[in-house]
Amino acid sequence: ISVQSECPIGLIGDDIEASAKKMREELEIDVIPVRCEGFRGVSQSLGHHIANDAIRDHVLGKGTLPDAGPYDVAIIGDYNIGGDAWASRKIIEEMGLRVVSMWSGDGQLETMKVTHLSKLNLIHCYRSMNYIARHMEEAYGIPWMEYNFFGPTKIEASIRAIAARFDATIQANAEKVITKHRAEMDAVIAKYRPRLDGKSVMLYVGGLRPRHVIGAYEDLGM
């Protein structure tokens, strides 16, 4: 259970931390307080930090991974709004890596608890999750990197960049994945680029990863 304070709670002064502690003991399950009235900060930026703090203090490091291995990774900052977390996971696991934790789209509390045991944190939304990634690097020594799985050019570059963090086996698998999907991607480009080549795009920032999709438009000649 997460107990999230909204604006009236901040005005009234309810002690959600004490309530969460009491109910955690009574129910014998995780009850996590998140004090973030009005989301806080410019463009909710402080709200992201506060939510990450709640995960840091109440979730991270609380789980175990008996079969931990050298290819364990975590996907962080993917909210699965358009099913993109599923697509990311599919590609990463095709490379031979194992996704042990996902935040927060399609995520589970029990797997989030073992994120501190991953060998690499993969960040798909840098703006909201760079804060917690830096914390895990400092506290647990886990390196992290951004990736971009929008558009063929960015997908291939990201696959190779991720693979470069691992051994020759993963790097060879990465090339196989690229080869496997290239024909399908080329067919999409061939179909749509003649109709879109040379057209201009205006991006409204603040939506679902507008920065990430620039490469995909460029692949279409826009």
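The values are calculated or read from the model by the stated rules, or taken from the named source; none is laboratory data. Fair warning: this is a prediction, and the values are worked out from it, not measured in the lab. We place every Cβ from the backbone using ideal geometry, glycine too, and count neighbours over all the protein chains shown. Only protein heavy atoms, including side chains, enter the accessible area calculation; ligands, DNA and RNA are left aside. Shrake-Rupley method; radii C 1.70, N 1.55, O 1.52, S 1.80 Å.
Please verify whether residue 76 is within 25 Å of the chain's Cα centre (by Cα), open to solvent by less than 70 Å² (accessible area, probe 1.4 Å) and hydrophobic (A, V, I, L, M, F, W, C), treating the condition exactly as stated.
Values: within 25 Å of the chain's Cα centre (by Cα): yes; open to solvent by less than 70 Å² (accessible area, probe 1.4 Å): yes; hydrophobic (A, V, I, L, M, F, W, C): yes.
Yes: the conditions hold for residue 76.
Here's a check for you: in the range 207-222, which residue that is in contact (Cβ under 8 Å) with a residue 24 or more places away in the chain and assigned to a loop (DSSP other than H, G, I, E, B) is surrounded by the fewest Cβ atoms within 10 Å (Cβ to Cβ)?
208
Output the residues belonging to the range 55-101 that are more than 30 Å from residue 33 (Cβ to Cβ), in contact with a helix residue (DSSP H, G or I) (Cβ under 6 Å, 6 or more places away or on another chain) and not hydrophobic (A, V, I, L, M, F, W, C).
94, 96
Residue by residue through the range 186-206, note down the ones that are touching a Phe, Trp or Tyr at 6+ places or on another chain (Cβ under 9 Å) and not in a loop (DSSP other than H, G, I, E, B).
Listed by number, the list holds a single entry, 196.
So, in the range 93-142, how many residues would count as being β-branched (Val, Ile, Thr) and within 13 Å of the chain's Cα centre (by Cα)? Full working, then the answer.
Initial filter on the range 93-142 (β-branched (Val, Ile, Thr)): 99-100, 111, 114-115, 123, 132, 142.
Next cut, within 13 Å of the chain's Cα centre (by Cα) only: 99-100, 115, 123, 132.
The number of residues fulfilling the criteria is 5.
Name the residues in the range 19-45 that are open to solvent by 50 Å² or more (accessible area, probe 1.4 Å) and either at pLDDT 85 or above or under 17 Å from residue 62 (Cβ atoms) (or both), would you?
Across the range 19-45, the qualifying residues are 19, 21, 22, 23, 24, 25, 26, 27, 28, 29, 35.
Name the single residue that is surrounded by the fewest Cβ atoms within 10 Å (Cβ to Cβ) among those in the range 113-134 being more than 22 Å from residue 216 (Cβ to Cβ) and among the β-branched types (Val, Ile, Thr).
Of everything passing the filter in the range 113-134, 114 is surrounded by the fewest Cβ atoms within 10 Å (Cβ to Cβ).
Scan the range 66-80 for residues that are in contact with a Leu (Cβ under 8 Å, 6 or more places away or on another chain), farther than 19 Å from residue 130 by Cβ and in contact (Cβ under 8 Å) with a residue 60 or more places away in the chain and jot them down.
71
Residues 160, 182: which one is open to solvent by 70 Å² or more (accessible area, probe 1.4 Å), closer than 21 Å to residue 211 by Cβ and in a helix (DSSP H, G or I)? Even if it seems obvious, please write down each step before you answer.
On the way: 182 fails: closer than 21 Å to residue 211 by Cβ.
Only one candidate qualifies: 160.
Inside the range 104-144, can you point out the residues that are in contact with a strand residue (DSSP E or B) (Cβ under 9 Å, 6 or more places away or on another chain), among the hydroxyl-bearing types (Ser, Thr, Tyr) and more than 20 Å from residue 66 (Cβ to Cβ)?
Answer for the range 104-144, where residues must be in contact with a strand residue (DSSP E or B) (Cβ under 9 Å, 6 or more places away or on another chain), among the hydroxyl-bearing types (Ser, Thr, Tyr) and more than 20 Å from residue 66 (Cβ to Cβ): 104, 126, 128.
Between 146, 110, 94, 137, which is at pLDDT 95 or above, of a type outside the set (Phe, Trp, Tyr) and open to solvent by 60 Å² or more (accessible area, probe 1.4 Å)? Spell out how you get there, then give the answer.
Values: 146 fails: at pLDDT 95 or above; 110 fails: at pLDDT 95 or above; 94 fails: open to solvent by 60 Å² or more (accessible area, probe 1.4 Å).
Exactly one of 146, 110, 94, 137 is at pLDDT 95 or above, of a type outside the set (Phe, Trp, Tyr) and open to solvent by 60 Å² or more (accessible area, probe 1.4 Å), namely 137.
Given the conditions (1) surrounded by 17 or more Cβ atoms within 10 Å (Cβ to Cβ); (2) under 21 Å from the mean Cα position of the chain (by Cα), report the number of the one that residue 171 does not fulfil.
(2)
Which members of the range 146-159 meet the condition of being of a type outside the set (Gly, Ala, Ser) and under 18 Å from the mean Cα position of the chain (by Cα)? Give the steps one after another, and end with the answer.
Step one: of the range 146-159, the residues of a type outside the set (Gly, Ala, Ser) are 146-150, 152-156, 159.
Within the range 146-159, 146, 147, 148, 149, 150, 154, 155, 159 meet the criteria.
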